[in-house]
1. Can you confirm whether Thr189 is farther than 18 Å from Ala73 by Cα, exposed (fewer than 15 other Cβ atoms within 10 Å of the Cβ) and among the β-branched types (Val, Ile, Thr)?
2. For the range 102-117, check the following and say yes or no: at least one residue is on the phi < 0 side of the Ramachandran plot and buried (at least 20 other Cβ atoms within 10 Å of the Cβ).
3. Is it the case that Val399 is modelled with pLDDT of 80 or more, of a type in the set (A, V, I, L, M, F, W, C) and either part of a helix (DSSP H, G or I) or closer than 13 Å to Phe471 by Cβ (or both)?
4. Looking at the range 531-538, can you tell me whether even one residue there is part of a loop (DSSP other than H, G, I, E, B), over 30 Å from Glu368 (Cα atoms) and either within 36 Å of the chain's Cα centre (by Cα) or modelled with pLDDT of 95 or more (or both)?
5. Which of (1) over 19 Å from Phe374 (Cβ atoms); (2) at pLDDT 95 or above is the odd one out, the single condition Leu541 does not satisfy?
Amino acid sequence: MRKLRDFFSLEFRILYRQFFLRVIDLEALSVHADIPRFLGQFASVLVFISLVGTLGLLFSVDRLAANEYLEFAWRGEQGLISGTMLLVGLVASAGWDSTFPDRRDVMVLSPLPIAPNTILFAKIAASTSLLGIAVVTLNFASGIAWPLFIGVHHQSSWGVFQALGAYWLTMAGVGVFLYCSVLTIQGLTSLIFPRRTFLVLSALLQVACFCAFLAVYFLQPTITSPAAIGAAENHWVTWSPSFWFFAFFNQLNGSLPVGLWWVARRAWISLGLTVTGAVVSLGLCYLRTMRKTLEEPDLVPGAHGLHWTPRLGNPLQTAVVLFTFRSIVRSRQHRLAFAFCAALILSTALPWLRIELSSQAPLSVTSEFLAATFIIVSLAVLGLRGIFSLPITLTANWVLQTTHLAPTERYVAATRSALLLLAVAPSWTIAALLSIRLRPLHSVAIHLVVLGLVGWLCAEIGLINFYKVPFTCSWLPGKVHILVLFGCSLVLLVVFGLTCSEVELPALGSAARSVSMVLLLGGCGIGLMQFNNRRARSAQLYFEESAPEVITSLGIGPLPQQAQPTALPRRGLSLGAEPSFQKARVTRP
């Protein structure tokens, strides 16, 4: 291990560690931030997903008939490869420009005696390490269970080792292909366009790639037999990278039919092209981009054009709502997080849109549709509320800190307006567009009213104990147990949608029950709003997230009057008084 460490220079090791820990923007973190703990929680989420998928595989194998092996194997292999491609695509999109030097890197590292290739190799090593951790943890259990299942079916001891090697080589090839594809797109864009144009296009390409990865994963069908490949509806197989690597895995495993070798050949060709494109574009970018980063300015406001600011209530509400909107649009981290929520919403809405477009007659209101719309609205509100806790660069927040003159209640009202305008209104519009072809119309109208009230209730729930301006408070990673929060939120969101649909569907047939339901939701919304406003009057805004301080006290105090001995000295201790240690937690007012 020491020889391996000495093989790399000291400059490379220092830069690698800094770049690896900068997967999160350091300028947006609290001074108490624990980045390794956050990365550990991220890995634990992926291990949890791998264990759940492996348990599902074991339960399915016990009920598997002999003639169902091929369909089950093809379906499982494509699902594992598609899931790995989705994860690699999301991680590569999250670190969209992490491989390229930014202005801070150029200004700090250029005067130092460090070769540009050392910076390049450190950046690539940090990015690939994060991708490697993601791929290994996602396939932690399935990467062993699935090759055992394939090898046992082949009834050969060598079949297990062959399937094990084929599995991990395929997953490594998937990661290299997608990562190099993203690097090639970024490199070619930065070489062709000026820097300011590149920054604008880079933001659009990042969101487009992110949404494309999610849309392909949720909408791509599955091939379960060789005969289905030649079907007319499966013409997408020729252009599907996931199916290329599915054939690539079976070719390495020795189970691919000879007639499908041309599909595996496309995986080999795509790997060669993307690796070559990434190497060439990265080399040229590091020769030109570092100079252009210093010589050309970043995004600047236009000098000409119509500048109009809409009024969204009082000046404070207008400022907070516009600040929230522009932070989502201009900040890479927030734009990506919001794109994730938007892609999940679209993945829920697109199947219903496809059903409505394929149907010639109007459709009736069903509990499944009601549950999908409830999930869309609640996901939009909770997703935006979660993004509010992620700050932009803290040096840009000094204006909001120094102008903190209004009471906290007005800031809470401004945050409420931001949630209603940027989360409830767009998601409610999507649900309304999906309801155009549903009948009867009066049930649809009542459901839209109920949906708006539910969105308002979700916004009020998200405002409980939220006494800060969106995007202005430092972030403390590692404070929340992401594994527990991820699993519980996913389960509760589905349960919430199903429960609301089962309660609302019978009430839509009765006018009295519909009016009672609307009045009940309206009363709950007014009560929650008054509760938040009353709590906000005695609260104080804060801009720095910090861990709770723990003060340890000895717990030594005067004895009760009746238990104090008469002959005890003034500063002495009773023989029966034993010091006890207590912890007092200091909480934020």
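1. On the way: farther than 18 Å from Ala73 by Cα: yes; exposed (fewer than 15 other Cβ atoms within 10 Å of the Cβ): no; among the β-branched types (Val, Ile, Thr): yes.
Here the answer is no, as Thr189 does not meet what is asked.
2. So in the range 102-117, the residues on the phi < 0 side of the Ramachandran plot come out as 102-117.
With the extra rule that they be buried (at least 20 other Cβ atoms within 10 Å of the Cβ), the set shrinks to none.
Within the range 102-117 (the criterion being on the phi < 0 side of the Ramachandran plot and buried (at least 20 other Cβ atoms within 10 Å of the Cβ)), the answer is no, since none of the residues qualifies.
3. In short, no.
4. Start the filter on the range 531-538 by keeping residues that are part of a loop (DSSP other than H, G, I, E, B), which leaves 538.
Narrowing further to those that are over 30 Å from Glu368 (Cα atoms): 538.
Imposing the further condition that a residue be either within 36 Å of the chain's Cα centre (by Cα) or modelled with pLDDT of 95 or more (or both) reduces the set to 538.
Within the range 531-538 (the criterion being part of a loop (DSSP other than H, G, I, E, B), over 30 Å from Glu368 (Cα atoms) and either within 36 Å of the chain's Cα centre (by Cα) or modelled with pLDDT of 95 or more (or both)), the answer is yes, since at least one residue qualifies.
5. Only one criterion is unmet by Leu541, namely (2).
The values are calculated or read from the model by the stated rules, or taken from the named source; none is laboratory data. Note that the structure is predicted; figures quoted are calculated from it, not measured. So basically every Cβ, Gly included, is an ideal-geometry build from the backbone, and we count neighbours across all protein chains shown.
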